[in-house]
Amino acid sequence: MSVPTIKTGRRDFLKTSGLATLGLLIGLDAEAKPKNLSRSKAIPSDIEINTFILIRPDNSITIINPRPCMGQGTIQSVPAMIAEELEIDLASVKIIQSDGKRKYGAQTSGGSTSIRNLWLPLRKAGAATKEMLVRAAANRWNIAIDLCYASNAKVFRKDTNASLTYGELVEDASKLDMPTEPILKKKHEFKILGKTTKRSDLAERTTGKAVYGLDVEVPGMVYACILHSPMIFGKLISFDDSETKKIPGVLHVLRCERAMIYRTTDSVAVIASNWWAAKKGRDVLKATWDHSGLDKTLHNEEYFGRCYKAAQSEGIRFEESNDFSAKFNAATQKLDVSYETPFLSHVPTEPENATAHVKPDGTVELWAPLQGPGETLEEVSKYLGIPTVKIKIHVVLMGGSFGRKAYMDFIKEACFLSNKIKLPVKVIWTREDHIRQGPYRPGMVSHMQGFVEEGKIVGYHHHVIGESILGQVFQGLEDDQPEPWIGGEASVQTNKYRFKEAHKVSWTNVKTEIPIMWWRSVNASNLGWGQECFIDELAHLAGKDPLQARMEIIEDERFRKVLNTLAEKTNYDQKLPEGSGRGIAIVNSFGSTVACSITVSKFGTGVKIDKAVAVIDCGMYVNADTVKAQTEGNIIMGITAAIKPGIVFKNGVCQQSNYDNYPIMRISEAPEIEVFVMENEEAPGGVGEAGLPPVAPALGNAIFAATGVRVRKLPVNIGDVNSR
Amino acid sequence: MASYKINVNQKVYNLKADPDVPLVWILRDYVGLKGTKFGCGIATCGACTVHLNGKPVRSCQLRISAVPANAEFTTIEGIGEKSLHAIQRAWNELQVPQCGYCQSGQIMSAVALLKKSPDPSDEEIDAAMNGNLCRCGTYDRIRKAIHLAAKLENNLQSSIKK
């Protein structure tokens with residue numbers, strides 16, 4: 001296989017391409033004020049910027065994509081923003097991944113930011129480049145600029161229809177100043193953005209030719225399989241590798257370490273000439289660990305026990321209108337209940353893997369499926385004590401990620417081992433390693449209080465309880481501080497509910513040693529469950545239809561349109577057959593609003609999920625089909641999160657290990673899905689995650705509608721909804 | 001170490017390996033065909049699905065020493081080598097893959113299904129495809145794409161007959 005190499009600058013490009021001609025390199029700086037990089041070097045910056053367009057004299061065009069693809073389609077959607085304004089056909093463009101260098105700006109695919117943060121900078125990069133090429137053509141023909149126009153990688157003159165390719169103009173264009181305020185297209189002028197476009201990268205994913213991290217092969221490479229502590233954080237006392245060393249192919253057994261963001265744990269690595277030998281050798285290692293205390297601290301029951309205890313006390317206030325407690329105490333029609341969401345594993349089908357080569361000359365090459373090349377470059381540099389200029393990162397396709405491959409522990413393992421033996425080392429985790437070592441979506445509790453008056457929901461309190469990613473992983477949360485990320489997501493500024501009498505959002509940090517991290521849609525998936533099921537409960541308490549009850553407390557026009565569209569697309573007013581129930585939910589997260597409707601029918605003592613419909617308002621978007629695909633995926637992952645087992649730690653050990661005891665949804669369980677995308681000219685919102693949070697509550701509310709059973713703790717056994 | 005001979009995509013490969021190496025690693029690391037993926041190692045995810053004499057099997061469960069003498073394997077690289085298989089065309093048409101990592105296995109199962117049942121019902125699809133997990137959640141499209149592939153194939157057959 002070949003891993004594409006990125007030309008890191010114009011000088012490198014000229015040197016390595018062997019062409020005695022110029023390439024044009026375009027970038028934008030922090031304030032999106034374009035600079036002509038052929039004259040001044042890019043200013044390193046941490047802010048969104050950074051795209052590169054390479055045009056060769058033969059008119060072949062390369063776009064450098066700064067957002068790794070984990071399946072969400074950034075490999076197409078990010079370059080599409082440049083292609084639209086540059087007037088080029090995306091299908092004829094070569095796309096390569098950025099390598100983490102700071103001049104490309106923020107490069108992490110995460111937080112559903114790729115489109116919404118790059119929407120203007122990348123379009124400006126395309127538009128500015130186009131304007132330079134048009135100006136170069138006008139100069140060449142000695143005519144006015146407005147007598148020229150760009151189309152399909154050429155500049156045409158309107159009078160004679162003569163044309164010059166971008167390649168023929170690129171040298172002249174590169175000598176011009178880049179316009180600082182290029183004219184961007186209006187939505188109605190878009191040819192690529194906002195349309196349904198086929199992803200040209202998908203073809204090779206159907207022939208086995210696509211190269212994922214696991215498929216990377218480097219000459220002289222050896223393989224590693226690593227023994228981690230069965231209680232994750234155990235201290236290694238000693239190990240016996242006598243059986244391991246008998247296995248043909250085993251080359252080394254080394255003490256290793258797993259560098260998580262906030263702590264480093266012990267491990268033992270078996271390195272072999274092939275991975276199977278390394279795994280066999282790993283499996284017969286005898287290690288002695290000091291696990292003291294971990295049997296108590298890695299324990300679901302203990303953690304959730306403290307969460308429910310916290311639900312009986314006041315939390316730290318994040319926001320409040322009026323005196324909620326006083327009003328709640330005085331209210332006559334009220335509810336006080338708690339909701340629970342489990343710890344979850346990401347389980348992308350491709351397990352963690354990374355290939356690193358720390359070379360004897362002090363340089364490093366790294367190939368890995370990773371979400372954040374920029375962060376990886378900085379982190380690996382710090383970890384190895386090697387400057388970033390000596391490190392080359394090759395971003396390879398991720399076989400799924402869902403947040404996991406933004407965590408760089410497995411990459412650092414490969415670096416650690418290669419640094420020891422100076423050979424290229426490929427680390428591959430097993431499925432069991434993935435499930436038992438974490439990190440996980442945190443399990444959380446939402447303590448909900450609310451009251452109704454005269455048939456209207458007028459009081460609401462969401463007390464979010466659990467461990468914080470900001471606190472545990474980034475050590476960035478004071479004990480007396482409300483969790484700002486979680487508070488923001490639970491806020492009425494986000495969910496747009498207006499409670500006439502009083503509302504409150506509060507927070508209690510219940511800490512745990514169970515390692516947590518972001519998982520598709522992060523805390524919104526925890527919070528949506530409590531919020532949207534509880535609104536449903538309050539609606540019933542008020543004697544109102546759940547949709548109507550929401551409409552009464554939502555003023556926001558976009559939210560109302562989303563709900564009305566959902567009602568229209570699902571024939572909401574039509575009565576369902578006896579034994580069927582419909583549940584709805586609406587959650588705003590990552591800058592987008594998604595409403596979901598799920599219908600279920602009674603099936604024995606449980607229910608069968610018949611259909612899921614989602615309406616997404618993500619503002620303007622790049623590819624309608626990608627928006628739909630992401631939302632379909634969110635529905636499947638959201639239902640899986642609601643009905644399949646969570647991660648359970650008992651006496652220090654994760655009770656799940658592979659798909660046999662940590663099953664995810666299979667095709668026979670997958671309902672029919674319909675997705676509708678709202679059309680407007682609002683700024684783009686996130687697409688990869690926003691579809692997930694409303695799914696579980698829509699299901700919970702549907703179960704209530706069909707059976708009268710109110711589920712408050714996930715996962716729910718849909719085969720028997722009364723079982724606990 | 002022992003010597004083995006295996007037939008993959010109608011080519012014979014001679015290799016030396018330990019007897020217990022599972023076929024998925026033989027294919028990937030000894031033969032060099034990386035299209036077959038590793039996902040779970042216990043036959044629960046289907047990412048490693050290949051055909052053994054035309055029938056789908058989980059290559060993570062078959063040790064090289066247990067490979068039958070008459071075995072002819074087909075991997076994703078052997079599907080649609082000259083022109084794309086109807087399943088692959090349908091997959092492209094309906095844009096089935098997201099990350100695509102599981103899709104080699106999905107396609108191997110779907111190709112085998114279509115061979116056995118040229119116009120499968122939803123129930124047949126669910127039964128045949130139930131061993132293949134997709135974490136990206138492409139199931140609804142997989143179902144639709146198999147129906148489309150059946151149609152493409154049937155149209156082709158009837159146009160050949162004409």
| request: Would you mind checking A:94/A:422; B:16/B:37; A:644/B:37; A:456/A:628; A:101/A:279 for any pair whose Cα atoms are more than 27 angstrom apart? | output: A:94/A:422; A:456/A:628; A:101/A:279
| request: Provide the gained length on full extension for the span residue A:243 to residue A:209, in nm with one decimal, where the gain is 0.36 nm per separating residue minus the Cα-Cα distance. | output: 8.5 nm
| region A:153-222-region A:455-523 distance, computed between alpha-carbon centres (Å) | 42
| Most mobile of B:59, B:104, B:83 in a GNM of chain B (Cα contacts under 10 Å) | B:83
| said: At a threshold of 8 angstrom on Cα-Cα distance, excluding pairs fewer than six apart, so keeping six or more, what relative contact order does region B:10-51 reach in percent? | reply: 26
| said: Need one value for B:85-95: mean number of C-beta atoms belonging to other chains within 10 Å of its residues' C-beta atoms. | reply: 3
| note | Quick note on A:618, A:148, ordering by fewest other C-beta atoms within 10 Å, gives A:148, A:618
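Which entries of A:420/B:5; A:154/A:392; A:195/A:561; A:296/A:382; A:327/A:569; A:235/A:309 show an alpha-carbon separation above 27 angstrom in the structure shown?
From the list (A:420/B:5; A:154/A:392; A:195/A:561; A:296/A:382; A:327/A:569; A:235/A:309), the Cα-Cα distance tops 27 Å for A:420/B:5; A:154/A:392; A:296/A:382; A:327/A:569; A:235/A:309.
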| remark: For region B:29-34, Karplus-derived ³J(HN,Hα) couplings (6.51, -1.76, 1.60; θ = phi - 60°; whole Hz; x for glycine and proline) come out as 9, 9, 7, x, 9, 8
| task | Rounded to the nearest Å, what's the spacing between the alpha carbon centres of region A:85-110 and region A:535-550? Just the number, please. | result | 47
| request: Give, as a single signed number, the net charge of other residues whose beta carbon lies under 14 Å from the beta carbon of residue B:140, with Lys and Arg counted +1 and Asp and Glu -1. | output: -2
| Antiparallel content of DSSP bridges confined to chain A, in %, to 5 | 75
| message | I'd like the mean, over residues of B:38-48, of how many other protein chain beta carbons sit within 10 Å of each residue's own Cβ. | response | 6
| message | Please state the shape class of region B:6-61: rounded when a/c is under 1.5, otherwise prolate if a/b exceeds b/c and oblate if not, all from the C-alpha gyration tensor. | response | oblate
| Got a sec? How would A:336, A:433 order by Cβ neighbour count within 10 Å, fewest to most? | A:336, A:433
| At 222 nm, what helix-only mean residue ellipticity would chain B give, in deg cm²/dmol to the nearest 500, using -39500 (n - 2.57) for each DSSP H run of four or more? | -10500 deg cm²/dmol
| request: Identify all aspartates and glutamates with a Cα-Cα distance to residue A:412 below 16 Å; exclude those on the same chain that are fewer than 8 residues away in sequence. | output: A:257, A:266, A:352, A:365, A:375, A:378, A:379, A:433
| query | residue B:55: which aspartates and glutamates have alpha carbons under 12 Å from its alpha carbon, excluding same-chain residues fewer than 8 sequence positions away? | reply | B:72
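For chain A, what is the mean residue ellipticity at 222 nm derived from helices alone (per DSSP H run of n ≥ 4: -39500 (n - 2.57); sum divided by total residues; nearest 500 deg cm²/dmol)?
Working: 20 runs with 212 residues, N = 724.
Calculated mean residue ellipticity at 222 nm is -9000 deg cm²/dmol.
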| query | If you plug each phi of region A:284-299 into the Karplus form 6.51 cos²θ - 1.76 cosθ + 1.60 with θ = phi - 60°, what whole-Hz ³J(HN,Hα) values come out, in order, with x for Gly and Pro? | reply | 9, 5, 10, 10, 10, 10, 9, 9, 4, x, 5, 5, 8, 8, 9, 7
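Under the √(5λ) rule applied to the eigenvalues of the Cα gyration tensor, what semi-axes describe the equivalent ellipsoid of region B:86-161? Give them in Å, descending.
Numbers: eigenvalues 85, 35, 18 Å².
Rounded to whole Å, the semi-axes are 21, 13, 10.
If R₀ is 35 angstrom, what is the calculated FRET efficiency for the pair residue A:555 and residue A:660, using the beta carbon separation as r and rounding to 0.05?
That pair, residue A:555 with residue A:660, gives E of 0.10.
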| task | At a Cα cut-off below 18 Å, give the lysines reachable from residue B:151, other chains included and same-chain residues fewer than 8 away excluded. | result | B:115, B:116, B:161, B:162
| said: Give me a comma-separated list of calculated 3J(HN,Hα) values for region A:544-559, in order, Karplus coefficients 6.51, -1.76, 1.60 applied at θ = phi - 60°, integers in Hz, x for any Gly or Pro. | reply: 10, 5, x, 5, 4, 4, 5, 4, 5, 10, 10, 9, 4, 5, 5, 4
| How do A:648, A:78 rank when sorted from fewest to most other Cβ atoms within 10 Å of their own Cβ? | A:648, A:78
| On average, how many beta carbons from a partner chain sit within 10 Å of the beta carbon of a residue in A:243-254? | 1
| task | Give the shape of the protein assembly as shown as rounded, prolate or oblate, defined through the alpha-carbon gyration tensor: a ≥ b ≥ c are the square roots of its eigenvalues, a/c under 1.5 means rounded, and otherwise the shape is prolate if a/b is larger than b/c and oblate if not. | result | rounded
| task | When a/c is below 1.5 the answer is rounded, else prolate if a/b is larger than b/c, else oblate, so apply that to chain B with a ≥ b ≥ c taken from the square roots of the Cα gyration tensor eigenvalues. | result | prolate
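Around residue A:424, under 12 Å between beta carbons, what's the net of Lys plus Arg minus Asp minus Glu among the other residues? Each step should come with its number before you reach the end.
Numbers: positive: A:359, A:422, A:426; negative: A:217, A:365.
Computed value for this residue: +1.
Every number in this text was worked out from the coordinates using simple rules, so none of it is lab data. Computed from a predicted structure; not experimentally measured. Note that we place each Cβ from the backbone using ideal geometry, even for glycine, and neighbour counts take in every protein chain shown.
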